[in-house]
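Accompanying notes for the structure given below.
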């Protein structure tokens, strides 16, 4: 019987090619098959583009196309089918990697992938390498401290309700806002009303050729900007004491 292969989850950073741990890169180069997710609306896999170019033979990559859907049953079915394919490779003794942008376990679809693979092949070993999260990259680019001393920092996906977001900002020193999407305009209006535009940083497609990073974001009010793959850091100079 063949020894089981290992399933690896690898975070490739937010966009800049090569921004991943050395040990993860060395492991990736040894993997027989590498799954790369691609959004149905995109022509290429963002995760794959985060790798150093032309270092791994193309035949090792397997692209998986995902459409953003609220149909959880349909999404679960897709993950199940993919996990069964990965399980076959693992049982054949092949090491398999799955790439994800940002950090592997922070608001990542890799969580669903790992759960599905562990269900399909519970006997196979697995290992997850952390990646550089988008908010850490944005903080580094803009010089925005992500907490000093005993400052309270909260990380959350952008709420639909701006009143909820306002309450979160009021209770914390720093808010890390992810998954902004179509809510960007409403968030900017809220920060303008709270007089916090100059206390915020914004990053879109951080580290990519068409990326945009700003410290002080008042200019976004008059500039058409997408909230896709965007992150915001918000500092509240006078948080309420809870």
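Please pick out the residue among 53, 124 that is in contact with a helix residue (DSSP H, G or I) (Cβ under 7 Å, 6 or more places away or on another chain) and either at negative phi or surrounded by fewer than 16 Cβ atoms within 10 Å (Cβ to Cβ) (or both).
Working: 53 fails: in contact with a helix residue (DSSP H, G or I) (Cβ under 7 Å, 6 or more places away or on another chain).
When all the criteria are applied, what remains is 124.
Just one of the listed residues (208, 232) is within 27 Å of residue 15 (Cα to Cα) and in a loop (DSSP other than H, G, I, E, B), and it is 208.
Out of 87, 137, one residue alone is surrounded by 15 or more Cβ atoms within 10 Å (Cβ to Cβ) and touching a helix residue (DSSP H, G or I) at 6+ places or on another chain (Cβ under 8 Å). It is 87. Of the candidates 55, 88, the single residue that is modelled with pLDDT of 95 or more and outside any strand (DSSP E or B) is 88. Checking each residue in the stretch 195-211 for being surrounded by fewer than 16 Cβ atoms within 10 Å (Cβ to Cβ) and either in contact with a helix residue (DSSP H, G or I) (Cβ under 8 Å, 6 or more places away or on another chain) or under 21 Å from residue 131 (Cβ atoms) (or both) picks out 198, 209, 210.
Among residues belonging to the stretch 104-121 that are touching a helix residue (DSSP H, G or I) at 6+ places or on another chain (Cβ under 8 Å) and within 14 Å of residue 11 (Cα to Cα), point out the one that is surrounded by the most Cβ atoms within 10 Å (Cβ to Cβ). Applying the filter and picking the extreme gives 104.
Any chance you could count how many residues in the stretch 87-105 are touching a residue at least 12 places away in the same chain (Cβ under 8 Å) and more than 25 Å from residue 155 (Cα to Cα)? Residues in the stretch 87-105 being touching a residue at least 12 places away in the same chain (Cβ under 8 Å) and more than 25 Å from residue 155 (Cα to Cα): 10 in total.
The values are calculated or read from the model by the stated rules, or taken from the named source; none is laboratory data. A quick note: this is a predicted structure, and the numbers were derived from the prediction, not measured. Note that each Cβ is placed from the backbone with ideal geometry, even for glycine, and that neighbours are counted across all protein chains shown.
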